[in-house]
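The values are calculated or read from the model by the stated rules, or taken from the named source; none is laboratory data. The structure presented is a predicted model; accordingly, all values stated were derived computationally and were not measured. Cβ sites come from the backbone with ideal geometry, for glycine too, and all protein chains shown count toward neighbours. Ligands, DNA and RNA are excluded from the accessible area calculation, which covers all protein heavy atoms including side chains. Shrake-Rupley method; radii C 1.70, N 1.55, O 1.52, S 1.80 Å.
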Amino acid sequence: MTTSTNDLASRLQGLWLPLITPFRDGELDEASLRRLVRHYAAGPVDGFILAATSGEGMSLRADELERLATVTQSELSGSGRHLPILLGLSGASTAKMLDALDETAAWPIDGYLMASPYYIRPSQRGLVQHFTALADHASWPIALYNIPYRTGVSLTNETLLTLAEHPNIVGMKDCGADRAQSIDFLSRRPPGFRVLTGEDALYHEALADGADGAILLSAHLETEAFASVRTLVKQGDRAGALACWKAISGLTRLLFAEPSPAPAKYWLARSGLIDSAEVRLPMVEVSAELAALLDEEIERRRPQLLRRA
């Protein structure tokens, strides 16, 4: 493989943002996308995930996926800051995934985030063969995405340890929601294999357990505070990290009170970062009840947001 594998492995840490995909009138909203990328590139974000769960990737056409990657990279280039980009790419057919790897090989990305095949519920042996075939074929490095409550199958630690030895598999997003399993894997993973939590509500404890960082939908809001939690943990300031976490942890519950990313999109639209809170069916926009709660929290946080600005 090229040096990009090692480059991504070294950068797959810190706070990564699973960027929402803005829509307007049924189409990709490029103006809002550019605004989002510029805004977050100017802050303490260490990388972007495109078209994964938070980005409604399953609802995007192939041409929209490519445009999403192209526009994001263009804005990053203009910002003068190179942030790595992972493309969410998952499917239930290994053969179709191999085709998708060919189709995306020349796109301006740095790697892939890949979940287990959904609905099929293959065996662990099947998962090893699936991801090995993809990693052998991919032009870019792969980060695994273990999220059994969406895919219906969990990557066991033995399977993860086997896959972690592949030179083109550099890390994982851990949404297993099993702290004991996560701690066990963190203690046994090979050197250089990165683990980022994807469980927003478990961010602080995952860092305390030794995770290298996080991929957090909630970090679209209070981005600096989410980054500060990790900085304080790394500095050994446990009390400071916990205090910072307590100030923002309520957001992780509010933003997942209804199917994500609708609540986050509502907040971003109210703040002016995107022009519309539109989502694509079968996702629907937030209920009136949740909108009222979000409005209340936006108003409560507005004074401190203005002070930071």
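So here's what we get for this one:
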| read-out | value |
| --- | --- |
| GLN129 of a type in the set (S, T, N, Q), exposed (fewer than 15 other Cβ atoms within 10 Å of the Cβ) and at pLDDT 95 or above | yes |
| Sole exception among (1) in contact with a strand residue (DSSP E or B) (Cβ under 6 Å, 6 or more places away or on another chain); (2) surrounded by fewer than 20 Cβ atoms within 10 Å (Cβ to Cβ) for ARG253, by number | (1) |
| First in the stretch 137-163 and farther than 18 Å from ARG179 by Cα and hydrophobic (A, V, I, L, M, F, W, C), second anywhere and assigned to a helix (DSSP H, G or I) and open to solvent by less than 60 Å² (accessible area, probe 1.4 Å), Cβ under 7 Å, 6 or more apart | ALA138/LEU101; TRP140/SER4; ILE142/LEU134; ILE142/ALA135; LEU163/VAL128; LEU163/PHE131 |
| Test: LYS234 is free of Cβ contacts under 8 Å to residues at least 40 places away in the same chain, out of contact with any strand residue (DSSP E or B) (no Cβ under 6 Å at 6 or more places or on another chain) and within 15 Å of ASP46 (Cβ to Cβ) | yes |
| Among the residues listed as ASP275, ASP237, the single one being in contact with a helix residue (DSSP H, G or I) (Cβ under 7 Å, 6 or more places away or on another chain) and open to solvent by 60 Å² or more (accessible area, probe 1.4 Å) | ASP275 |
| Residue ranges of helices (runs of 4 or more DSSP H) in the stretch 125-222 with at least 2 members in contact with a helix residue (DSSP H, G or I) (Cβ under 6 Å, 6 or more places away or on another chain) | 157-164, 179-188, 203-209 |
| Failed criterion for ILE120 (all others in (1) within 20 Å of the chain's Cα centre (by Cα); (2) open to solvent by 40 Å² or more (accessible area, probe 1.4 Å); (3) of a type in the set (A, V, I, L, M, F, W, C) hold) | (1) |
| Condition check for ALA257: assigned to a loop (DSSP other than H, G, I, E, B), under 24 Å from ILE215 (Cβ atoms) and of a type in the set (A, V, I, L, M, F, W, C) | yes |
| Within the stretch 208-228, tally of residues that are open to solvent by 20 Å² or more (accessible area, probe 1.4 Å) and among the hydrophobic types (A, V, I, L, M, F, W, C) | 1 |
| Test for ASP29: is it under 16 Å from LEU268 (Cβ atoms) and either open to solvent by 50 Å² or more (accessible area, probe 1.4 Å) or modelled with pLDDT of 95 or more (or both) | yes |
| Selected residue (criterion: surrounded by the most Cβ atoms within 10 Å (Cβ to Cβ)) from residues of the stretch 188-207 that are free of Cβ contacts under 8 Å to residues at least 40 places away in the same chain, within 22 Å of SER260 (Cα to Cα) and hydrophobic (A, V, I, L, M, F, W, C) | ALA206 |
| Residue within the stretch 69-77 that is open to solvent by less than 30 Å² (accessible area, probe 1.4 Å), small (Gly, Ala, Ser) and more than 20 Å from TRP140 (Cα to Cα) present | no |
| Top-ranked residue in the stretch 54-78 [being assigned to a loop (DSSP other than H, G, I, E, B) and not hydrophobic (A, V, I, L, M, F, W, C); ranked as farthest from ALA106 (Cα to Cα)] | SER54 |
| Residue list for the stretch 79-105, restricted to those being part of a helix (DSSP H, G or I) and of a type outside the set (Asp, Glu) | SER79, THR94, ALA95, LYS96, MET97, LEU98, ALA100, LEU101, THR104 |
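Yes/no per residue for (1) under 28 Å from LEU161 (Cα atoms); (2) in contact with a strand residue (DSSP E or B) (Cβ under 9 Å, 6 or more places away or on another chain):
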{"position": "THR197", "(1), (2)": "yes, yes"}
{"position": "HIS204", "(1), (2)": "yes, no"}
{"position": "GLU224", "(1), (2)": "no, no"}
{"position": "SER228", "(1), (2)": "no, no"}
{"position": "CYS244", "(1), (2)": "no, no"}
{"position": "GLU285", "(1), (2)": "no, no"}
{"position": "GLU289", "(1), (2)": "no, no"}
{"position": "LEU294", "(1), (2)": "no, no"}
